[in-house]
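Everything on this sheet refers to the single structure shown next.
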Amino acid sequence: MALLPILHYPDPRLHKVAVPVTRIDDKIRKLIKDMADTMYAAPGIGLAATQVDVHLRVIVIDVSETRDQLQVLINPEIISAEGEKECEEGCLSVPGIYEKVTRAEKIKVSALDGDGRSRIIETDGLLAVCIQHEMDHLVGRVFVEKLSQLKQKRIAAKLHKQQRQAM
């Protein structure tokens, strides 16, 4: 079990845009396993490769209560989105911060799974929120950047204070 270091906001590497995976090989399968181990240990419900400083379009998610339903999305693309819903979100890259964010209520996503099989996911609720949140990471966006400038400044100050206290 290899745990990967998770980048913390405002690390500039969180703003890098991930590139598509061109081949699913042992290196990608190891990345998926290491990301899943890292997500479960954190503990979290989703992790994008960008958060562990690997800039490939790979996401792992498990929103199940039992923590045994890992979903892998490689090169995910939103095909359709409808409705709006406000939901409280947190992020492993922004520890201790939870804020309400508006996202699409229902989404349809195409992606490859860990074996390279094409799949379509139609979902709503927590899984839809999580997929959208993790896909934002792949294009270099962190959820707090969807908030007002005032909230962003307060969060930055809080994170800075946390870092000083940890030293």
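Values in this text are rule-based calculations from the coordinates and carry no lab data. What you are looking at is a predicted structure, and each value in this text was computed from that prediction instead of being measured. Cβ atoms come from the backbone with ideal geometry, glycine included; neighbour counts cover every protein chain shown.
If you wrap the Cα atoms of region 62-104 in a convex hull and average its projected area over all directions, you get 4.5 nm². How much net charge surrounds Leu73 when only the other residues with a Cβ under 14 Å from the Cβ of Leu73 are counted, with Lys and Arg +1 and Asp and Glu -1? Charge balance in the 14 Å sphere: -3. Pair-distance distribution P(r) for region 12-166, from all Cα-Cα distances in 5 Å bins starting at 0: 2, 9, 18, 22, 22, 15, 8, 4, 1, 0 percent. Within the listed set Asp34, Asp115, Asp136, the Gaussian network model of the chain (springs between alpha-carbon atoms below 10 Å) gives the highest mean-square fluctuation for Asp115.
Based on DSSP loop calls and a cut-off of at most 12 other Cβ atoms within 10 Å, the longest stretch of the chain free of exposed GluC sites (Glu not before Pro) is what? Kindly include the intermediate steps, with their values, before the conclusion.
Values: sites that count: Glu65, Glu84.
With GluC sites (Glu not before Pro) excluded where exposed in loops, the chain gives 85-167 as its longest stretch.
Listing Met35, Met167 from fewest to most neighbouring C-beta atoms within 10 Å gives Met167, Met35. Under the combined filter of DSSP loop state and at most 16 neighbouring Cβ atoms within 10 Å, region 89-167 retains these trypsin sites (Lys or Arg not before Pro): Arg117, Arg141. For region 20-76, the spread of Cα coordinates along the three principal axes comes to 33, 19, 19 Å, biggest extent given first. Relative to the dominant Cα principal axis of the chain, helix 26-41 is inclined by about 40°. Count the lysine pairs in the chain whose Cα atoms lie under 26 Å apart, taking only pairs 8 or more positions apart in sequence or on different chains. Pairs that pass both the separation and distance tests number 29. For region 128-167 versus region 17-33, the inter-centroid distance based on Cα atoms is 25 Å. Of the trypsin sites (Lys or Arg not before Pro) found in region 1-68, those that fall in a DSSP loop while having at most 13 other beta-carbon atoms within 10 Å are Arg23, Arg67.
Computed from Cα atoms, the angle from the helix 149-166 axis to the main principal axis of the chain rounds to 80 degrees.
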